[in-house]
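Contents: one structure, followed by commentary.
The values are calculated or read from the model by the stated rules, or taken from the named source; none is laboratory data. Since the structure is predicted, the reported quantities are computational estimates derived from the model, not experimental observations. FYI the Cβ positions are ideal-geometry reconstructions off the backbone, even for glycines, and counts take in every protein chain you see. The protein model used for the area step is the full one, side chains on, heavy atoms only, and it has no ligands, DNA or RNA in it. Shrake-Rupley method; radii C 1.70, N 1.55, O 1.52, S 1.80 Å.
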Amino acid sequence: RRVGGYNLDRLAATTEPNLVDLLVGSEGTLAVTTAATLRLVERPRARANLVFTFADVAVACDAIPAILATEPVAVELLDELLINLAAASPHAPALRRFVAGEPAAVLIAEYWGVDQAEAQARAAAAATRLGRARLGTVAITQAPEPVQHQAIETIRRIGQPLLMGMAPDRKPQTCVED
């Protein structure tokens, strides 16, 4: 997925240009949307998560394609900086509900289902498949319980404020944000 810049190379490389590629990269500077049709996705009835812990962030990044092949609805990376900030915050108990030890990186993959059994079955099947793939994980943990899901949501929600609350000389600069 490339969403930065005007993507002129994509436009020039085809005989049937897709203007979406051009417009997405321009962030609204090349066109005005006057109408749009949305295809909404029903809110999930049940969710289950897999938590992958890694001793190295590069190994975690290398594992992402294999995780995406199991068709999660979301994958999120927590790096060592964010893990340490969360561990030192009042939200540390939430973090410890799904992260053990002091990993360098954590990947969270979320699976949906029509009920909790289906969501857990999808996560379990992905865990089995990925466990055989030897991704370089320290651990692969299922987090099917609502309290674990709430803990993951808490850490996702506080991540950006924790990073922005850092001292100015250490604060990371946002360059890509979804």
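The table that follows gives values for the structure above.
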| item | result |
| --- | --- |
| Globularity ratio of the stretch 42-90, using Cα Rg and 2.2 N^0.38 Å | 1.37 |
| Heavy-atom accessible surface of the stretch 46-147: percent carbon and sulfur, 1.4 Å | 55 percent |
| Average projection area in nm² (convex hull over Cα atoms of the stretch 1-123, one quarter of hull surface) | 11.5 nm² |
| In degrees, nearest ten, helix 146-164 long axis to first principal axis of the chain (Cα) | 60 degrees |
| Dipole in debye (nearest 20) - the chain, about Cα centre, beta carbon charges: Lys, Arg +1; Asp, Glu -1 | 340 debye |
| Crossing angle, helix 116-132 versus the chain [Cα axis fit, 0-90 degrees, rounded to tens] | 90 degrees |
| Placed amide H near D56: partners under 5 Å, 5+ positions off or other chain | A104, A105 |
| Whole-number accessible area per residue in Å² for the stretch 1-85, which is evaluated in the context of all protein chains at 1.4 Å | 70 Å² |
| Residue-averaged 222 nm ellipticity for the chain, from DSSP H runs of 4+ at -39500 (n - 2.57), nearest 500 | -12500 deg cm²/dmol |
| Per-residue ³J(HN,Hα) for the stretch 23-37, Karplus 6.51 cos²θ - 1.76 cosθ + 1.60, θ = phi - 60°, Hz, x for Gly and Pro | 6, 4, x, 7, 6, x, 8, 10, 7, 10, 7, 9, 7, 8, 10 |
| Net charge dipole size for the stretch 38-99 [Lys, Arg +1 and Asp, Glu -1 on Cβ; Debye, nearest 20] | 460 debye |
| Whole-Hz couplings from phi, Karplus 6.51/-1.76/1.60, listed for the stretch 58-73; x for Gly and Pro | 5, 5, 4, 5, 5, 7, 4, x, 5, 5, 4, 5, 8, 6, x, 7 |
| Proximal charge balance of T128 [Cβ under 14 Å; K/R count +1, D/E count -1] | +4 |
| Stretchable slack from A13 to Q150, in nm (0.36 nm times residue separation minus alpha-carbon distance) | 44.8 nm |
